[in-house]
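Notes to accompany the following structure.
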Amino acid sequence: MQLGLPTSARPFKLADRMLYRLLSRDEDPALLYEFHKPAKGDEAYAHWGRASFRTAATAALAEAGNIEDPRVRGAAHKIASEVSEFLRSPLAEKPFVRAGSANVLNPAARPPTWFSLAIMAAMPNLQRERAGFTERLVHYLSSPAPKKLYTIPVGKKKIKPSIQLLGDPIEADSKGLPKDIPLALYFIEQLVRIGGLAQSPTATKVLVRLLKDCDQHGVWAPKGMRSAPKAVNKMSYHTFPLDLESKAAEWKQVDVTFRLARIAKLSGWELEYI
């Protein structure tokens with residue numbers, strides 16, 4: 001999808017059946033995929049695995065343009081309801097509990113994830129239908145994320161957080177330079193899609209800094225750049241880089257330039273192509 005492949009192409013047709021099956025109530029253990037083996041004898045872990053895949057499948061199908069499909073809409077509304085309940089509860093302010101000497105996410109907490117954010121960003125109709133929830137989500141993602149290290153209790157296991165969003169995920173210095181440029185660009189693009197960029201001080205500061213490093217032709221060209229930005233967080237893997245690595249000098253700049261132009265376009269700015 002990120003590369004612009006038509007959704008009528010064979011890879012989409014091969015994936016659709018599996019993705020829609022993940023949305024269903026089918027309890028076939030094979031649908032746990034890589035979670036199948038660790039979920040043996042642990043019903044709670046199996047439930048968590050299916051729920052995680054269901055949210056990710058909903059995001060993929062929504063981003064592929066299936067936003068009016070009743071199966072996608074139903075799954076999206078259910079996911080939005082769970083996150084909305086979390087945002088309305090005291091857990092949004094205090095999501096952690098102590099387990100011995102460690103912090104763990106409260107088992108009752110259902111915070112937003114990168115996947116649930118992607119669902120909202122891909123479904124303008126859902127944003128309109130659940131305007132109050134969208135506003136709460138924007139407010140929550142514009143607040144600083146807690147810096148505490150924590151794990152997530154899932155059945156008999158504790159796992160490291162990877163997809164959870166407990167606030168603004170962008171880490172930036174005082175000048176607005178992000179630690180992880182690919183992740184920052186991905187998050188800013190999602191914020192723009194749900195109409196939340198103006199409410200996020202960190203995202204706005206980072207975007208201004210990245211735009212400041214563009215030359216007169218709109219090409220991102222920061223001083224002293226020796227290599228292309230590298231992703232730190234895996235959640236931006238599907239968006240950056242899209243251009244195949246080459247020895248051409250512009251390879252270091254093309255992906256950031258493209259993402260900045262995309263964000264500008266989504267923001268309604270008028271672009272001039274030189």
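Data overview
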item: Unique residue being in contact with a Leu (Cβ under 6 Å, 6 or more places away or on another chain), assigned to a helix (DSSP H, G or I) and surrounded by fewer than 18 Cβ atoms within 10 Å (Cβ to Cβ) when the list is ARG54, ARG21, ARG17, ARG71; result: ARG71
item: ARG98 being over 21 Å from LEU183 (Cα atoms) and modelled with pLDDT of 95 or more; result: no
item: Flag if ILE79 is outside the structural domain of PHE187 (by TED's automatic domain parsing), within 24 Å of GLY4 (Cα to Cα) and either of a type in the set (A, V, I, L, M) or crowded, with 18+ Cβ neighbours inside 10 Å (or both); result: no
item: Some residue of region 35-43 being in contact with an Asp or Glu (Cβ under 9 Å, 6 or more places away or on another chain) and in a helix (DSSP H, G or I); result: no
item: Number of the condition not met by THR257 [criteria: (1) touching a Gly at 6+ places or on another chain (Cβ under 8 Å); (2) at pLDDT below 95]; result: (2)
item: Only listed residue being over 19 Å from the mean Cα position of the chain (by Cα) and among the hydrophobic types (A, V, I, L, M, F, W, C), chosen from ALA122, ALA145, ALA102, ALA118; result: ALA102
item: Check on THR239, of a type in the set (S, T, N, Q), in contact (Cβ under 8 Å) with a residue 40 or more places away in the chain, part of a loop (DSSP other than H, G, I, E, B) and not assigned by TED's automatic domain parsing to the domain that holds THR113; result: yes
item: In region 186-195, the residues that are in contact with a Ser or Thr (Cβ under 7 Å, 6 or more places away or on another chain) and either in a helix (DSSP H, G or I) or assigned by TED's automatic domain parsing to the domain that holds VAL138 (or both); result: TYR186, LEU191, VAL192
item: Residue in region 195-203 that is free of Cβ contacts under 8 Å to residues at least 12 places away in the same chain and crowded, with 16+ Cβ neighbours inside 10 Å present; result: no
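The values are calculated or read from the model by the stated rules, or taken from the named source; none is laboratory data. All of these numbers come straight from a predicted model, not from anything done at the bench. So basically every Cβ, Gly included, is an ideal-geometry build from the backbone, and we count neighbours across all protein chains shown.
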